[in-house]
Amino acid sequence: MIEDAERLAENEDRETALRCIEAGIEAGHPRTVVREAVTLDGDVLRVADATYDLGDYEELVVLGGGNAAAHVAVALEGELGDRLDRGVVVTDDPTETERVTVLDGDHPVPSERGADATRELLAAADAAGEDTLVLAAITGGGSALMVAPAGDVSLSDLQDTTDALLASGADIHEINAVRKHLSALKGGRLARRAAPATVVSLILSDVVGNDLSVIASGPVAPDESTFADALGVLDRYDVDAPDAVRARLERGAAGELDETPTADDPALAAVSNHVVADGMTVLDAARSAAAERGYDPLVLSSRVRGEAREAATTHVAIAEEIRATGTPVSPPAVVLSGGETTVTLRGDGSGGPNQEFATSAALELAGGEGKITVAAVDTDGIDGATDAAGALVDGTTVDDPNAAREALAENDVYPYLESRGALLITGPTGTNLNDLRVVVVD
């Protein structure tokens, strides 16, 4: 899974970090998740803890999008066979399917082909009727991939706004509050288009806390955010949004446009949502991998957030305490965390939150004996807008602290980590369950 793994795994601790990463990503892959969450016994379809009699429906359809949506579709085809009639999903990680149409989009910034694909998805939702059972494949990355500008907002407006929000330091809840109110699909509007069909979602969550309205911007979930909330995000982070964006949000806040559907909206009466995998799915598998290799595993949290470089300092401090005092666990140990850290851009370089986390950790460990090893990845294999999932570092990674500090100051850590042979490259992994951080204490 990880390129050049043999070179990277030059000692037992580094090998353990890589095995934890691989175990976590594998556990979160749709082929694993769907096999556990979906079964078909005759006409009885089980999705998580709910059951549906397929005899009550004329057709069974898959609709949705996200980084892992095509892999969810393949897994559903494997479980349902010819009982599945049709489907459309939008993704940036396509794979071969038999019954579900896979359309290309782009992530993290929406594209024209993503808009074209989303129009086809909406048309497929419009074709659903009262006797249709829709399985909604909703995964991380869906916010950018399923792009359907609303009103006078153009794709270019959405792209500019998304770029500005990603660079602002706003968290995913805030970013999606804006995107939902600029979309014809997000914030429960896909469910509104599919009504009166029965909609059953299978959600792979990349959101801290599994807020259904935030995962892929909640296309089939109720939404309590408002146009006024979206305006507040732009103002709070001083985002210079295009005129059409601000005009739409201001019209909505003034009551001139319909809000996204809330929980009591009739369009959501036949919708049920099921989170079938999330950050804890990844952490549980990584914890088992660490224990199997003789390390005492400690899961800090699946909800770590905030500035990536600051979170790294805290993780290293915990590792140092373990080595010094055996608190809160005794070495050899593996400390694990998930969630989603952010980066406030001040420079114009390349990198991502996990690469900044790793670079900051390497600075803290600089000059050490390599007794603490840190790996951090985005489980979709794409950290920021780079081809790296993250990085693997220890006390030997930084030989020139000033160069590392400059890379962080310019948000240009990718070339620095590449020069140190520290990048972790997986390619698209088929899943997206947020970040995974592994700290190995010898």
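Using +1 on the beta carbon of Lys and Arg, -1 on that of Asp and Glu, and nothing else charged, what's the dipole of the range 6-78 about the Cα centre, debye to 20? If you can, show how the numbers build up before the last one.
Working: 6 positive and 16 negative charges, 52 e Å.
Result for the range 6-78 is approximately 240 debye, rounded to the nearest 20.
Give the long-range amide H neighbours of GLU307: residues separated by 5 or more places, or on another chain, with amide H under 5 Å away, using H modelled in the peptide plane at 1.01 Å from N.
Here the answer is THR342, since their amide H atoms fall under 5 Å of that of GLU307.
Which of the three applies to the chain, rounded, prolate or oblate, going by the alpha-carbon gyration tensor with a ≥ b ≥ c and a/c under 1.5 meaning rounded?
Numbers: a/c = 2.20, a/b = 1.43, b/c = 1.53.
Judged from the Cα gyration tensor, the chain comes out oblate (a/c at least 1.5, b/c at or above a/b).
Go through the range 234-242 residue by residue and turn each phi into a ³J(HN,Hα) via Karplus (6.51, -1.76, 1.60, θ = phi - 60°); whole Hz please, and just put x for glycine and proline.
Karplus-based 3J(HN,Hα) across the range 234-242 equals 4, 6, 4, 9, 6, 7, 8, 7, x Hz.
Please list, short to long, the whole-number percent of alpha-carbon pairs of the range 293-388 in consecutive 10 angstrom bins beginning at zero.
Histogramming the range 293-388 at 10 Å steps yields 15, 46, 31, 7, 0 percent.
Mind running the shape call on the range 235-356? Use the C-alpha gyration tensor, a ≥ b ≥ c as the square roots of the eigenvalues: rounded below 1.5 for a/c, prolate if a/b tops b/c, oblate otherwise. Mind dumping the intermediate values first?
Details: a/c = 3.66, a/b = 1.72, b/c = 2.13.
Oblate is the answer for the range 235-356, as a/c is 1.5 or above yet b/c matches or exceeds a/b.
Can you list which of the GluC sites (Glu not before Pro) found in the range 339-383 are DSSP loop residues with at most 11 other C-beta atoms within 10 Å?
Details: sites: GLU340, GLU356, GLU364, GLU369; in loops: GLU369.
When the GluC sites (Glu not before Pro) of the range 339-383 are filtered for loop state and at most 11 Cβ neighbours within 10 Å, GLU369 remain.
Who wins for biggest fluctuation among VAL220, VAL334, VAL33 in a Gaussian network model of the chain, springs between alpha carbons below 10 Å?
Residue with maximal mean-square fluctuation among VAL220, VAL334, VAL33: VAL33.
Hey, in the GNM for the chain with a 10 angstrom Cα cutoff, which one of ALA247, ALA148, ALA195 fluctuates hardest?
Of ALA247, ALA148, ALA195, the most mobile in the Gaussian network model is ALA247.
Compute for the range 1-86: radius of gyration divided by Kirkwood radius, i.e. Rg/Rh, restricted to C-alpha atoms, rounded to two decimals.
Working: Rg = 18.0 Å, Rh = 15.3 Å.
Ratio of gyration radius to Kirkwood radius for the range 1-86: 1.17.
Please check: in the Gaussian network model of the chain (C-alpha springs, under 10 Å), which one of ALA124, ALA285, ALA254 has the largest mean-square fluctuation.
Ranking ALA124, ALA285, ALA254 by mean-square fluctuation puts ALA254 first.
Average the reciprocal distances over every distinct pair of alpha-carbons in the range 106-218, invert the result, and give the Kirkwood radius in Å. Walk me through the intermediate numbers first.
Working: mean 1/r = 0.0703 Å⁻¹.
Here the Kirkwood hydrodynamic radius works out to 14.2 Å.
Taking only protein heavy atoms and a 1.4 Å probe, what accessible area per residue, in Å², does the range 1-81 have with all protein chains in place? Write out the running numbers ahead of the final one.
Details: 3320 Å² over 81 residues.
With the other protein chains kept in place, the range 1-81 gives 41 Å² per residue.
With the Cα gyration tensor of the range 210-265 giving a ≥ b ≥ c as the square roots of its eigenvalues, does the rule (a/c under 1.5 for rounded; else a/b larger than b/c for prolate; else oblate) give rounded, prolate or oblate?
Values: a/c = 2.44, a/b = 1.47, b/c = 1.66.
The shape class here is oblate.
With a 1.4 Å probe and all protein chains kept in place, how do ARG346, ARG193 rank by accessible area, largest first?
Values: ARG346 170, ARG193 85 Å².
Ranked list, largest accessible area first: ARG346, ARG193.
What is the Cα centroid distance between the range 284-324 and the range 355-433, reported in whole angstrom?
16 Å
Tell me, what is the percent relative contact order of the range 343-394, built from C-alpha pairs under 8 Å that lie six or more residues apart?
On the way: 81 pairs, mean separation 21.9, N = 52.
After rounding, I find 42 percent.
Antiparallel versus total DSSP beta bridges in the chain: what percent is that, nearest 5? Could the numbers behind the result be given before it?
Details: 30 of 68 bridges.
Roughly 45 percent of the beta bridges in the chain run antiparallel, per DSSP.
Relative contact order for the chain: what percent, with Cα pairs under 8 Å and sequence separation of 6 or more? Write down the numbers at each step before the final one.
Numbers: 1106 pairs, mean separation 73.9, N = 442.
Computed value for the chain: 17 percent relative contact order.
Past the 22 angstrom mark, what percentage of all C-alpha to C-alpha distances in the range 60-146 do you count?
Working: 645 of 3741 pairs.
Result for the distance tail: 17 percent.
Of all DSSP beta bridges located in the range 92-231, what percent are antiparallel, nearest 5? Write out the running numbers ahead of the final one.
Details: 1 of 8 bridges.
If I count the DSSP bridges inside the range 92-231, around 10 percent turn out antiparallel.
Under the Karplus relation 6.51 cos²θ - 1.76 cosθ + 1.60, θ = phi - 60°, what is the ordered set of whole-Hz ³J(HN,Hα) values for the range 425-437, x standing for Gly and Pro?
Using θ = phi - 60°, the values come out as 10, 10, x, x, 9, x, 9, 7, 10, 6, 7, 9, 10 Hz.
Would you mind working out the accessible area per residue for the range 398-442, using a 1.4 Å probe, and quoting it in Å²? Each step should come with its number before you reach the end.
Details: 1600 Å² over 45 residues.
Accessible area per residue, the range 398-442: 35 Å².
The values are calculated or read from the model by the stated rules, or taken from the named source; none is laboratory data. Everything quoted here is computed from the prediction, not taken from an experiment. Heads up, the Cβs are rebuilt from the backbone with ideal geometry, glycines too, and the neighbour counts pull from every protein chain shown. Just the protein is used for accessible areas: all its heavy atoms, side chains included, with ligands, DNA and RNA removed. Shrake-Rupley method; radii C 1.70, N 1.55, O 1.52, S 1.80 Å.
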